[in-house]
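Notes follow once the structure below has been shown.
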Amino acid sequence: MTGGVDAGDELTACEGEREPDPSDSLRTWGAVTQALREHAGYSRTEFADLVRFSKHTVESVELGRRMPDESFVARADELLGNTGALRKSARYVTRGRG
């Protein structure tokens, strides 16, 4: 494999591949999501079941190690107040440095 994950391959890359260094926006989005989840009273396992992703994926998103895909963002936003804040802010999340 040469280089990192191409922007078009973000959602199709294998989970076993090394993920790029998280950006500040990715870490921030994940931290906000985690804070909202905790405020709503969901454990990571409960939240994972409700958004239909693995606990590992939820953890990776919250820690800024993984880009959230559109379905994760939509389901998380619905569960965490349905304000549109997660959907709107997800548009500005970037991967890697720069």
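Remarks
- Residues of the stretch 86-98 satisfying the condition of being out of contact with any helix residue (DSSP H, G or I) (no Cβ under 7 Å at 6 or more places or on another chain) and part of a helix (DSSP H, G or I): LYS88
- Any helices (runs of 4 or more DSSP H) falling wholly within the stretch 32-85 and containing at least 2 residues that are farther than 24 Å from GLY96 by Cβ and at pLDDT 95 or above: 44-51, 70-79
- Residue that is nearest to PRO22 (Cα to Cα) [pool: residues in the stretch 81-98 that are open to solvent by less than 20 Å² (accessible area, probe 1.4 Å) and in contact (Cβ under 8 Å) with a residue 12 or more places away in the chain]: GLY96
- Contact annotation: residue pairs with Cβ atoms under 6 Å, 6 or more positions apart or on different chains, pairing a residue in the stretch 40-54 that is open to solvent by 60 Å² or more (accessible area, probe 1.4 Å) with a partner that is part of a helix (DSSP H, G or I), are THR45/LYS55; LEU50/LEU79.
The values are calculated or read from the model by the stated rules, or taken from the named source; none is laboratory data. Remember, it's a predicted structure, so these values are computed and weren't measured experimentally. Reconstructed Cβ throughout: ideal geometry from the backbone, glycine too, with neighbour counts over all protein chains shown. Side chains are part of the model used for accessible areas, which takes the heavy atoms of the whole protein and leaves out ligands, DNA and RNA. Shrake-Rupley method; radii C 1.70, N 1.55, O 1.52, S 1.80 Å.
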